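K.L.:
Sending over a structure as structure tokens; questions will come in a sec.
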Amino acid sequence: AQKVTQAQTEISVVEKEDVTLDCVYETRDTTYYLFWYKQPPSGELVFLIRRNSFDEQNEISGRYSWNFQKSTSSFNFTITASQVVDSAVYFCALGANDYKLSFGAGTTVTVRA
Amino acid sequence: NAGVTQTPKFQVLKTGQSMTLQCAQDMNHEYMSWYRQDPGMGLRLIHYSVGAGITDQGEVPNGYNVSRSTTEDFPLRLLSAAPSQTSVYFCASKRDRDQPQHFGDGTRLSIL
């Protein structure tokens, strides 16, 4: 069975603060994929990143960065210098093949001006 | 949500009514999936398909049927709607193993 835990239900920060979203996963598969999706207030799901289990390199994309640590089964996401447009629900997801995903419950990020 | 079209966007049903949620993609993607999103629970997989004529159950398939007669379309059928099926439904598609899923904009379904 697969399980994704996003322990933080809600995070509220002031603009320009950094915010880190935690994601811890459980799986028995040796090969798997990890994802982050963003769901803004408009409701659509926006793909942010996919990482496979053999690639533990951290990744940075603009103000977004991801820290994958297989030893602790974690795939954390940091937004640097947050902006109001970053306000959204963020989902971490896991799948042995990436058309059958298990999602975490989501973390609601509110960035105040 | 490039090229994944879900209809309708909103629907209200009475308990016991039947309904088909439509999902179409024009990207020639082999893989298609249906998820439901409920408050505090993230998205849960209902059914998925790895190609035309092939479907399989996900985590929460009860009360839903699917078919995949063409590559483009993957409809989700509720045969006898129940209030527990009130949710937001997302369809997703992907081309192959090396590409991420693209999600549609969702269908908000309320069952009274």
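K.L.:
Could you give every pair whose Cβ atoms fall below 7 Å, whose first residue belongs to segment B:88-111 and is within 9 Å of chain A (Cβ to nearest Cβ) and of a type in the set (Ser, Thr, Tyr), and whose second residue is assigned to a loop (DSSP other than H, G, I, E, B) and surrounded by fewer than 18 Cβ atoms within 10 Å (Cβ to Cβ), counting only separations of at least 6 or pairs across chains?
P.N.:
Listed by first residue and then by second, the contacts come to B:SER93/B:MET27.
K.L.:
Going by what's in this entry, would A:GLU44 be described as more than 26 Å from B:TRP34 (Cβ to Cβ) and within 12 Å of chain B (Cβ to nearest Cβ)?
P.N.:
Taking the combined requirement at face value, the residue does not satisfy it.
K.L.:
Considering only segment A:90-113, state which residues are more than 9 Å from chain B (Cβ to nearest Cβ) and more than 14 Å from A:TYR32 (Cβ to Cβ).
P.N.:
A:TYR90, A:THR107, A:THR108, A:VAL109, A:THR110, A:VAL111, A:ARG112, A:ALA113
K.L.:
Another question about this same structure. Kindly establish whether A:VAL4 is of a type in the set (Val, Ile, Thr), surrounded by 20 or more Cβ atoms within 10 Å (Cβ to Cβ) and within 14 Å of chain B (Cβ to nearest Cβ).
P.N.:
Yes.
K.L.:
Is one or more of the residues making up segment B:74-84 part of a strand (DSSP E or B), within 14 Å of chain A (Cβ to nearest Cβ) and free of Cβ contacts under 8 Å to residues at least 60 places away in the same chain?
P.N.:
Looking through segment B:74-84, none of the residues is part of a strand (DSSP E or B), within 14 Å of chain A (Cβ to nearest Cβ) and free of Cβ contacts under 8 Å to residues at least 60 places away in the same chain.
K.L.:
Within segment A:90-112, identify whether any single residue is free of Cβ contacts under 8 Å to residues at least 12 places away in the same chain, surrounded by 13 or more Cβ atoms within 10 Å (Cβ to Cβ) and not in a loop (DSSP other than H, G, I, E, B), and answer yes or no.
P.N.:
No, segment A:90-112 contains no residue that is free of Cβ contacts under 8 Å to residues at least 12 places away in the same chain, surrounded by 13 or more Cβ atoms within 10 Å (Cβ to Cβ) and not in a loop (DSSP other than H, G, I, E, B).
K.L.:
Among the strands (runs of 3 or more DSSP E) confined wholly to segment B:16-61, which include 2 or more residues that are facing another protein chain (nearest Cβ under 8 Å)?
P.N.:
Fully inside segment B:16-61 and qualifying: B:31-37, B:43-51.
K.L.:
Still on this structure, I have one more. Which residue is farthest from the chain's Cα centre (by Cα), if the candidates are limited to segment B:85-99 and must be assigned to a loop (DSSP other than H, G, I, E, B) and at pLDDT below 95?
P.N.:
This residue is B:ASP98.
K.L.:
Residue check, B:MET41 against (1) on the phi > 0 side of the Ramachandran plot; (2) without any contact (Cβ under 8 Å) to a residue 12 or more places away in the chain, all met but one. Which one?
P.N.:
(1)
K.L.:
Could you check segment A:1-50 and list, in sequence order, the residues that are in contact with a strand residue (DSSP E or B) (Cβ under 6 Å, 6 or more places away or on another chain) and among the basic types (Lys, Arg)?
P.N.:
The answer is A:LYS3, A:LYS38, A:ARG50.
The values are calculated or read from the model by the stated rules, or taken from the named source; none is laboratory data. The structure displayed is predicted, hence computed values, not measured ones. FYI the Cβ positions are ideal-geometry reconstructions off the backbone, even for glycines, and counts take in every protein chain you see.
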